[in-house]
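Asker: This is the structure, below, for whatever I ask next.
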Amino acid sequence: MAEIRPFRCIRPAGEAASKVAALPYDVYSRQEAKKEVEKNPMSFLAVDRAETQFSDDVDLHEPKVYEKARELLEKWQEEGILYEDPAECYYLYELTMNGRSQAGIVACASVDDYVNGVIKKHENTREDKEQDRICHVDVTGAHTGPIFLAYRSDQELNQIIDEVRSQETLYDFTAEDGVRHRVWKVDDEKAGKAGVDTETGTETEQAGEVREDNRTSRIYKRFKAMEAIYIADGHHRAASAVKVGLKRRDERSGCTGQEPFNFFLSVLFPDDQLLIMPYNRVVKDLNGWSAEAFLEKVKDRFIVKECVKAERNGANLVGDRGTGDKKNESACQPKERHHMGMYLKGQWYELKVKQESIVKDPVKGLDVSILQDILLEPVLGIQDPRTDERIQFVGGIRGLSELERLVDEGKGAVAFAMYPTSVQELFSVADAGLLMPPKSTWFEPKLRSGLFIHKL
């Protein structure tokens, strides 16, 4: 049973939202983040990546960096850039990219649900990346970036989402990358003042009476009935938030389990609204093979066909950061599962997985696993893609032209275009208690940080 709570949100004041909202901290390099903050000092990257406030010789993990993040967060509240809503509530967050929308419920998820496996993961995390966010959350005393969660679509929640979307927005702006962001507060004014008692977890009115028609109560009950919630994106942020919560429990006596640090900031989307893009691969060298010899090795393992480069006349292709740029793409963009594209010496090839390499195992049957197991490891020598510096991962949002560029410029010897992992494959892996290979999924559009902040 999933415990998904309303919360007292710290959020931007009015029109400041469009300036504050920032892409997640981990999509930028240090220099990229610094340039963004120099361009827009109100970008939430100033808080999420507080090393932007220091010279490049300052280690980004120094205590003063995290203290600066806390200082900025408090300063922005004092200046009225951010303010705290007076009551606990849910919010609705809709993102629209290239004409396609997805709407999720902003809430706080339970640390215990993560620990007990109600909130399921599909990726491993790295301790060094966790430690950075642990320090950030602990020092700022806040969750500043939401975890992207998914649930199996629910008819009643869909109805509530439609009801809320018919109301006036809190925020409505289009970011530089063309993604439109709209936010609503789940307002129970017309349905009474009932909410969720944070001490008992029960739905109550001010006088203690349960109101069945209250949206807050309905949302709480629907999630309470769910046996599983899934992490779509943000595994490191989730793990870090949980570890801070458990640390604070250990440091305090008499905890009730209802303290804010027992819950972490999330946005929950129905599975049928999600878009997973491929996570493509580029390998720097051919492990000593000539291009001709390597191609023969590929033909031993796949059904191989040359592809003809084609103009996609008028096609609305996804370019850098979802702008929808119209570009020349290969006719070999994978169109179905167990098909891949390969770019080698200026030529695209279609690779079709042979039947004997297809297995029913939820992890081994993934296309990213098949590529790793039958080609990247035995032929190209990529033993551990998590640590091997010879392999680079390129989000599908960049398009096939980015793969071509990297190979044509000599930054890679061969590139592989993948067919995207499906949401149902993700659920199957998580339900089995297994983990996907690294960089198996790329979700778009990205949730913005700074629109919702949860104070511990």
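The values are calculated or read from the model by the stated rules, or taken from the named source; none is laboratory data. These figures come from a predicted structure and were not determined experimentally. Cβ: placed from backbone, ideal geometry, glycine included. Neighbour counts: every protein chain shown.
Asker: Inspect all residues belonging to segment 407-422 and state whether any of them is surrounded by fewer than 22 Cβ atoms within 10 Å (Cβ to Cβ), in contact with a strand residue (DSSP E or B) (Cβ under 8 Å, 6 or more places away or on another chain) and assigned to a helix (DSSP H, G or I).
Answerer: yes
Asker: Right, next: When you scan segment 105-197 for helices (runs of 4 or more DSSP H) that lie fully inside it, which ones turn up with 2 or more residues that are surrounded by 18 or more Cβ atoms within 10 Å (Cβ to Cβ) and either of a type in the set (Val, Ile, Thr) or free of Cβ contacts under 8 Å to residues at least 24 places away in the same chain (or both)?
Answerer: Hits in segment 105-197: 127-140, 155-165.
Asker: So, of the residues in segment 330-348 that are assigned to a strand (DSSP E or B) and farther than 19 Å from residue 392 by Cβ, which turns out to be farthest from the chain's Cα centre (by Cα)? Let's see the steps before the verdict.
Answerer: Taking segment 330-348 as the starting set, the residues that turn out to be assigned to a strand (DSSP E or B) are 330, 339-344, 347-348.
Applying the additional criterion that residues be farther than 19 Å from residue 392 by Cβ yields 339, 347.
Working: 339: 25, 347: 33 Å.
Looking at the filtered set, the residue picked out is 347.
Asker: Also, I was wondering about something else. Output yes when any residue across segment 116-138 is at pLDDT 95 or above and in contact with a Gly (Cβ under 6 Å, 6 or more places away or on another chain), and no when none is.
Answerer: No; the residues of segment 116-138 include none that is at pLDDT 95 or above and in contact with a Gly (Cβ under 6 Å, 6 or more places away or on another chain).
Asker: Oh, and also: Sort out which residues of segment 33-82 are out of contact with any helix residue (DSSP H, G or I) (no Cβ under 8 Å at 6 or more places or on another chain) and either at positive phi or among the basic types (Lys, Arg) (or both), and write them in order of number.
Answerer: Within segment 33-82, 35, 39, 64, 75, 80 meet the criteria.
Asker: Sticking with this structure for a sec: Is at least one residue of segment 69-84 at pLDDT below 95 and outside any strand (DSSP E or B)?
Answerer: No, segment 69-84 contains no residue that is at pLDDT below 95 and outside any strand (DSSP E or B).
Asker: Return the pair list, or none, for Cβ contacts closer than 8 Å from residues in segment 16-35 that are over 17 Å from residue 60 (Cβ atoms) to residues that are of a type in the set (Val, Ile, Thr), at least 6 apart or on different chains.
Answerer: As it stands, the answer is 16/81; 17/183; 20/81, since those pairs meet every condition given.
Asker: Within segment 36-56, does at least one residue satisfy the condition of being outside the structural domain of residue 395 (by TED's automatic domain parsing), in contact (Cβ under 8 Å) with a residue 60 or more places away in the chain and under 25 Å from residue 152 (Cβ atoms)?
Answerer: Taking every residue of segment 36-56 in turn, none turns out to be outside the structural domain of residue 395 (by TED's automatic domain parsing), in contact (Cβ under 8 Å) with a residue 60 or more places away in the chain and under 25 Å from residue 152 (Cβ atoms).
Asker: If you don't mind, there's one more thing I want to ask. Checking residue 94 against (1) within 21 Å of residue 430 (Cα to Cα); (2) in a strand (DSSP E or B), only one condition comes out false. Which one?
Answerer: (1)
Asker: Shifting gears a bit: Among the residues of segment 351-372, write down those that are surrounded by 16 or more Cβ atoms within 10 Å (Cβ to Cβ), of a type outside the set (S, T, N, Q) and not in a loop (DSSP other than H, G, I, E, B). Explain how you work it out, then say what you get.
Answerer: Narrowing segment 351-372 to residues surrounded by 16 or more Cβ atoms within 10 Å (Cβ to Cβ): 351, 353, 357, 362-363, 365-372.
Adding the requirement that they be of a type outside the set (S, T, N, Q) leaves 351, 353, 362-363, 365-368, 370-371.
Correct list: 351, 353, 367, 368, 370, 371.
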